[in-house]
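Trainee: One structure, as structure tokens, below. Some questions next.
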Amino acid sequence: MSKTIIEKCKTQVKTIYDTFDASHDWQHIERMLHNAAEIMENESADRFVVELAILLHDVSDPKYCKEGENPEEEILSSLSLPEDQQNLIKRIIRQVSFKGGNGEAPASTEAKIVQDADRLDAIGAVGIARTFAYGGAKGRSLYDWSERPRAEMTEEEYRNKPTSSATHFYEKLLLLKDRMNTETGKQIADERHQFMLSFLEQLKKETDGNA
């Protein structure tokens, strides 16, 4: 039964993610599922809930959704899940988001795993590629070394100010290593964090950023 529900959900969400840019497409979901599976080798959690939360976590992202649309709610309702399970999945999705550093802390093991799986895909080589894919889709500059990364910002400021792609590393991506929840997540994040530092150093050298 659980496998049938997962497959039904995959079918519905894939059509949505296939319309997003490369930073939040179906491959992002596949990588998150892989990250979560690796974490769950060492963490006891409800795999069914984790997988559904991952599948649904970006379908109603305000970066892509039109006002009034809520595919997350529509798809969840179509899966005929118990109300308490639906509410748990909604809560996990709400707690995954970074929101400029103002996000709600994950309250369950499942939420911690989903958040780590998402954050791992935001850093390292894939994180670099996704950052510039999203920046390109939004017409943002590759770098602007005169920009001052914001240490504090509201969720609205985080979402709406069009800073350069390189600045995004300092405002979010380089912060994630120390905000991982699980031991497995922390171990994977450390290597990816170091790779981003090396990349930024090289980028500065090639663009007179005085590295």
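Trainee: I'd like the chymotrypsin sites (Phe, Trp or Tyr not before Pro) in region 103-207 restricted to DSSP loop residues with at most 14 other Cβ atoms within 10 Å, sorted by number. All intermediate terms of the calculation are to be shown ahead of the outcome.
Mentor: Numbers: sites: F132, Y134, Y143, W145, Y158, F169, Y170, F195, F199; in loops: Y143, W145.
Listed in order of number, the matching sites are W145.
Trainee: Treating the beta-carbon of each Lys and Arg as +1 and of each Asp and Glu as -1, no other charges, what is the dipole magnitude of region 43-126 about its Cα centre, to the nearest 20 debye? Working shown, then result.
Mentor: Working: 9 positive and 17 negative charges, 54 e Å.
I would put it at about 260 debye.
Trainee: Using Rg/Rh (Cα atoms, Kirkwood Rh) as the read-out, say which of [x] 1.05; [y] 0.97; [z] 0.93 was calculated from these coordinates.
Mentor: Structure-derived value, by its label: [y].
Trainee: Tell me which lysines have Cα within less than 30 Å of K186's Cα, excluding those fewer than 8 residues away on the same chain?
Mentor: Partners within reach: K3, K10, K14, K63, K90, K99, K112, K161, K172, K177, K204, K205.
Trainee: Calculate how steeply helix 109-120 sits against the longest principal axis of the alpha-carbon atoms of the chain, using the helix alpha-carbon long axis, and give the answer as 0 to 90 degrees to the nearest 10.
Mentor: With both axes taken from Cα atoms, the answer is about 40 degrees.
Trainee: Can you give the calculated 222 nm mean residue ellipticity of the chain, where each DSSP H run of n ≥ 4 adds -39,500 (n - 2.57) and the sum is split over every residue, rounded to the nearest 500 deg cm²/dmol?
Mentor: Numbers: 10 runs with 125 residues, N = 211.
Result for the chain, helices only: -18500 deg cm²/dmol.
Trainee: Another one. Positive end of the charge dipole of the chain (Lys, Arg +1 and Asp, Glu -1 on Cβ, about the Cα centre): tell me which of P71, Y134, I93 has its Cα farthest that way.
Mentor: Y134
Trainee: If R0 is 25 Å, what FRET efficiency do you get for Q202 and A22 from their C-beta distance, rounded to 0.05?
Mentor: Details: r = 22 Å, r/R0 = 0.89.
About 0.65, to the nearest 0.05.
Trainee: Between E74 and M1, what is 0.36 nm times their sequence separation minus the Cα-Cα distance? Round to one decimal in nm.
Mentor: On the way: separation 73, 0.36 × 73 = 26.28 nm, distance 1.98 nm.
Full extension of this stretch gives 24.3 nm more.
Trainee: Pick out which of K112, K63, K90 has the largest mean-square fluctuation in a Gaussian network model of the chain, springs linking Cα atoms closer than 10 Å.
Mentor: K63
Trainee: Might you report the magnitude of the Cβ-based charge dipole of the chain about its Cα centre, with Lys and Arg at +1 and Asp and Glu at -1, to the nearest 20 debye?
Mentor: So the magnitude is around 340 debye.
Rule-based calculations on the coordinates, nothing more; no lab input. All figures in this text were calculated on a predicted structure; none of them were measured in a lab. Note that each Cβ is placed from the backbone with ideal geometry, even for glycine, and that neighbours are counted across all protein chains shown.
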